[in-house]
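**Student:** Okay, handing you the structure first.
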Amino acid sequence: MSRFPFLNRSNTMHMTPSESSQKPYSLERSGSLRKFHNSVDSVKSAGSSLRGRMVKKLCNLFETTKDSSKSSKLSPSEESRPSRTKSNLSHSKGSDSSCALFRLREAKDRIVVYFTSLRGIRRTFEDCNAVLMILKGFRVWVDERDVSMDIAYRQELQSVMMMGEKKVSLPQVFIRGKYIGGADAIKHLFECGELGKLLEGFPKKKPGFVCESCGDARFVPCWDCSGSRKVFDEDEGLIKRCLECNENGLIRCPNCCS
């Protein structure tokens, strides 16, 4: 026996492992299992509600599509009518009213193409190049009118198309004074083989022909002002605006554009 009662082993309490460890562990384990089952139940309920919402949405979607399909059905008389789309109008051979209205009276013996050489709008630049390459493939002489080099061509095209100050898409092609259309119309006629028939009768150029004066640029510097747009009037002793050239100091090449 020890002198100190608190060190006496008989007074200490002894607990078996089953009483000391299993009871708290079993309580903690049962609580965690309850929480897990509750979370699983909540997830199942949320999934079922979400699934129900999705099914309702799909049902509503199919019902609306059925209603729209029913309403979009045409009567037999309406289905038999021929539809005239923009592509059909642009791909006509020149018998449409639009082609009859747009005419170049001074270009009855030539092919005129209004285009631009500026690369500001990539799609327009590519369409202009495509049309010029298609026409040059037939080795015919083309009157190329670059609206970016001479503002008079742009005004001329606007007056012919009766657009006033509104914008006109490029390129625009006229054959024998008749309006043919833009890039889509020329590509369609070329693929169908109709463009060659429209170009019959035009004189052919030699393969690889290039104008020696302008290099196929269709413009040369003005001979009077050398491109400065200014001339000296000896009678009045003043510098005046040159009336022979355009706003860029250029004139049409006399060799290939006469």
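The values are calculated or read from the model by the stated rules, or taken from the named source; none is laboratory data. Quick caveat, the model's predicted, so the values are computed rather than measured. We place every Cβ from the backbone using ideal geometry, glycine too, and count neighbours over all the protein chains shown. Side chains included, ligands, DNA and RNA excluded: accessible areas come from the protein's heavy atoms. Shrake-Rupley method; radii C 1.70, N 1.55, O 1.52, S 1.80 Å.
**Student:** For segment 207-227, which positions are out of contact with any Lys or Arg (no Cβ under 8 Å at 6 or more places or on another chain) and more than 22 Å from S117 (Cα to Cα)?
**Tutor:** Within segment 207-227, W223, D224, C225, S226 meet the criteria.
**Student:** Which count do you get for residues in segment 167-217 that are assigned to a loop (DSSP other than H, G, I, E, B), open to solvent by 10 Å² or more (accessible area, probe 1.4 Å) and more than 19 Å from C256 (Cβ to Cβ)?
**Tutor:** So the answer is 10.
**Student:** Of all residues in segment 123-166 being open to solvent by 60 Å² or more (accessible area, probe 1.4 Å) and charged (D, E, K, R), which is modelled with the lowest pLDDT?
**Tutor:** E165
**Student:** Ok, one more. For A183, work out the one condition from (1) touching a residue at least 60 places away in the same chain (Cβ under 8 Å); (2) farther than 30 Å from L243 by Cβ; (3) in contact with an Asp or Glu (Cβ under 6 Å, 6 or more places away or on another chain) it doesn't fulfil.
**Tutor:** Unmet condition: (1).
**Student:** R241 passes all but one of (1) basic (K, R); (2) more than 21 Å from E106 (Cβ to Cβ); (3) under 38 Å from the mean Cα position of the chain (by Cα); which number fails?
**Tutor:** Of (1) basic (K, R); (2) more than 21 Å from E106 (Cβ to Cβ); (3) under 38 Å from the mean Cα position of the chain (by Cα), only one is false for R241: (3).
**Student:** Scan segment 226-247 and give yes if some residue there is closer than 30 Å to A185 by Cβ and at pLDDT 90 or above, otherwise no. Write out each step before concluding.
**Tutor:** Our first condition is that a residue be closer than 30 Å to A185 by Cβ; within segment 226-247, this holds for 246.
Filter once more, so that each one left must be at pLDDT 90 or above: 246.
Yes: one or more hits.
**Student:** Among the residues of segment 166-179, write down those that are touching a helix residue (DSSP H, G or I) at 6+ places or on another chain (Cβ under 7 Å) and not hydroxyl-bearing (S, T, Y).
**Tutor:** V168, L170, P171, Q172, V173, F174, I175, G177, K178
**Student:** Further question on the same structure: Looking only at segment 218-253, which residues are under 26 Å from L132 (Cα atoms) and either open to solvent by 60 Å² or more (accessible area, probe 1.4 Å) or among the polar types (S, T, N, Q) (or both)?
**Tutor:** P221, N246, E247, N248, listed by residue number.
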